[in-house]
1. For residue 100, what residues show an amide H to amide H distance below 5 Å, using hydrogens built from the backbone and excluding near sequence neighbours?
2. With a cut-off of at most 14 other beta carbons within 10 Å, and DSSP calling the residue loop, which trypsin sites (Lys or Arg not before Pro) in the stretch 54-157 qualify? Please list them.
3. Name the long-range amide H neighbours of residue 115: under 5 Å, sequence gap of 5 or more, or other chain; modelled H, no Pro or chain starts.
4. Report the Cα centroid-to-centroid distance between the stretch 137-152 and the stretch 31-109 in angstrom, as an integer.
5. Count the lysine pairs in the stretch 5-135 whose Cα atoms lie under 18 Å apart, taking only pairs 8 or more positions apart in sequence or on different chains.
Amino acid sequence: MPMRKSRLRKESEEKHTDEGESCLFCKIVSREVDAKIIFEDEISLAFLDVRPLFPGHILLIPKAHYPTLSDLPAALIGPFFTNAQMLARKVQEVMKAEGSFVAINNIVSQSVPHLHVHIVPRKRSDGLRGFFWPRRPYQEGEMLAVHESLGSGITASKYR
Ligand code: AMP
């Protein structure tokens, strides 16, 4: 049964840490800092990135201060990513894009320590070639070792 909205709002409004007090994206939530807001519900807010990869680049954030994806409570994952899916569809439609790029930086390359999903409209000829970083094949035996350690790690995971 879906979680009641009031409980979701309560979870969303709880400050996760004191960091939230000085956080730029918390200040966008509280309207202390201006942003071009395009969507808001009880748990989340979406606004235009000020330095977009392409026009229409959106950031979707939880209203409460959760620094990374790992910190997002299980109860918020469904509603939050339902909104990410809706916005990815909408940005593609409204910006007349052929697809979208949806990404989260966690700690590394994360310049604002408040969870945010980048939702970026893409066209095949937009100049971004695949991913932004060089990729390489596995070395001999490396793929098997990684498969075994990740596989057994996930089987034993407390998050499953
Ligand atoms: P990341 O580097 O993944 O942490 O992404 C942070 C994003 O926040 C960058 O793409 C910035 O352009 C964007 N950003 C920073 N400050 C603001 C702001 N005041 N309003 C909107 N977007 C912002």
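FYI, it's all coordinate maths here, none of it is from the lab. The shown structure was predicted, so the numbers you read here are calculated from the model rather than taken from an experiment. Here the Cβ positions follow ideal geometry from the backbone for every residue, glycine too, while neighbour counts run over all protein chains shown.
1. Those qualifying (amide H under 5 Å, at least 5 residues apart or on another chain) are 122.
2. On the way: sites: 63, 89, 90, 96, 122, 123, 124, 129, 135; in loops: 63, 96, 123, 124, 129, 135.
When the trypsin sites (Lys or Arg not before Pro) of the stretch 54-157 are filtered for loop state and at most 14 Cβ neighbours within 10 Å, 96, 123, 124, 129, 135 remain.
3. Here 66, 68 satisfy the definition.
4. 33
5. 11
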